[in-house]
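If you scroll down you'll find the structure; I have some questions about it.
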Ligand code: NAD
């Protein structure tokens, strides 16, 4: 595939808009669509060529990329009677970058295969900053040949590509990563709150942990204590970053994925409940590191 490959891009939210823009800038013939008028207008203002409907966006496309909130949206986009599958030509390649249930990814891929259309699941890691910078990690499930066809487009949006196995395997791997991340962030908040309750300075405690065995992305990059790291969401009122409710969704998917194979994920279940409590405390739209406020309330500063 060359860079003038025709790409229909569906879903221009926080992640999709910058990803579509990077493809457009790399020379791909992108036409994009979002159901939300404001998302569509925002992407258009940023320079992404847009269409008036999903079907119009994918008309004549060799690759269709979707970046939607969850399983329900992805199944509906492709499988509804007025969905995209019947409108796609045989030989089209679908690349779904949304984080969804592995079972949903497999269901849509099987339906697509029945029409002679390959689909890979390619959820991402790297957040909105990675989407804007074109440095996402793609975590892929599906056939090797399908990934090979998608690779030039993925390389325009990211810098790491991992092929995890057959259809659905990308989603399983993404959920494993985010389950570890969710539990690590929660326990890091718990540790910093414990230290602060004993009168320790959270910044010094964080600097010590960052070069000791408790180190992690949560201490070094996205520290949950305000003011410890200037660029972390905690230092700007927990705005931006990765939303509590998206982490809650991913942990729910991880627990479901565990139950489907009889695996046990006790810390994943516990973490899911903590992010659920954080949502009930009114912080669903804030960065997930705000989970620390379950321990600190307004004692931070
Ligand atoms: P978002 O809610 O900002 O954007 C999703 C967009 O999809 C919305 O604009 C919505 O209007 C649109 N949409 C829904 N159904 C549609 C349809 N049928 N046709 C056209 N548009 C439709 O979400 P986001 O933050 O961009 O995340 C997208 C996916 O990426 C999620 O699965 C999320 O878990 C995952 N993800 C997000 C991040 C992050 O930091 N935000 C990081 C990694 C992965």
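The values are calculated or read from the model by the stated rules, or taken from the named source; none is laboratory data. Everything numeric here is computed off the predicted structure, so don't read it as measured data. Cβ atoms come from the backbone with ideal geometry, glycine included; neighbour counts cover every protein chain shown.
Could you go through region 21-38 and let me know if any residue there is part of a helix (DSSP H, G or I), surrounded by fewer than 18 Cβ atoms within 10 Å (Cβ to Cβ), more than 15 Å from the ligand (Cβ to nearest atom) and more than 19 Å from the chain's Cα centre (by Cα).
Within region 21-38, one or more residues are part of a helix (DSSP H, G or I), surrounded by fewer than 18 Cβ atoms within 10 Å (Cβ to Cβ), more than 15 Å from the ligand (Cβ to nearest atom) and more than 19 Å from the chain's Cα centre (by Cα).
Would you confirm whether or not region 228-238 contains a residue that is closer than 29 Å to residue 138 by Cβ and in contact (Cβ under 8 Å) with a residue 60 or more places away in the chain?
No, every residue in region 228-238 fails to be closer than 29 Å to residue 138 by Cβ and in contact (Cβ under 8 Å) with a residue 60 or more places away in the chain.
Looking only at region 59-69, decide whether some residue is in a helix (DSSP H, G or I), over 18 Å from residue 123 (Cα atoms) and more than 9 Å from the ligand (Cβ to nearest atom).
no
Looking only at region 275-291, decide whether some residue is out of contact with any strand residue (DSSP E or B) (no Cβ under 6 Å at 6 or more places or on another chain) and without any contact (Cβ under 8 Å) to a residue 12 or more places away in the chain.
yes
Select from region 104-146 the residues that are surrounded by fewer than 22 Cβ atoms within 10 Å (Cβ to Cβ), away from the ligand (no atom under 15 Å from the Cβ) and under 18 Å from residue 173 (Cα atoms) and list them in ascending order.
106, 107, 143, 144
Output the residues belonging to region 210-253 that are assigned to a helix (DSSP H, G or I), within 15 Å of the ligand (Cβ to nearest atom) and farther than 23 Å from residue 282 by Cα.
217
Further, regarding this structure: Of all residues being at positive phi and at pLDDT 95 or above in region 217-253, which is surrounded by the fewest Cβ atoms within 10 Å (Cβ to Cβ)? Just the residue, please.
237
Can you say whether residue 47 is more than 14 Å from residue 10 (Cα to Cα) and either surrounded by fewer than 22 Cβ atoms within 10 Å (Cβ to Cβ) or touching a strand residue (DSSP E or B) at 6+ places or on another chain (Cβ under 7 Å) (or both), as far as the supplied structure shows?
Yes.
Given region 86-182, what helices (runs of 4 or more DSSP H) lie entirely inside it while holding 1 or more residues that are modelled with pLDDT of 95 or more, touching a helix residue (DSSP H, G or I) at 6+ places or on another chain (Cβ under 6 Å) and under 28 Å from residue 256 (Cα atoms)?
Filter on region 86-182 gives 102-113, 127-133.
Does region 52-68 hold any residues that are surrounded by fewer than 18 Cβ atoms within 10 Å (Cβ to Cβ) and in contact with a helix residue (DSSP H, G or I) (Cβ under 8 Å, 6 or more places away or on another chain), and which are they?
Passing the criteria: 55, 59.
Just one of (1) modelled with pLDDT of 95 or more; (2) more than 21 Å from residue 125 (Cα to Cα) trips up residue 17, so point out which.
(2)
Ok, one more. Which of the residues that make up region 254-274 are outside any helix (DSSP H, G or I) and in contact (Cβ under 8 Å) with a residue 60 or more places away in the chain?
Hit for region 254-274 is 265, nothing else.
Is it the case that region 54-73 has a residue that's within 23 Å of residue 134 (Cα to Cα), in contact with a strand residue (DSSP E or B) (Cβ under 8 Å, 6 or more places away or on another chain) and without any contact (Cβ under 8 Å) to a residue 40 or more places away in the chain?
No, every residue in region 54-73 fails to be within 23 Å of residue 134 (Cα to Cα), in contact with a strand residue (DSSP E or B) (Cβ under 8 Å, 6 or more places away or on another chain) and without any contact (Cβ under 8 Å) to a residue 40 or more places away in the chain.
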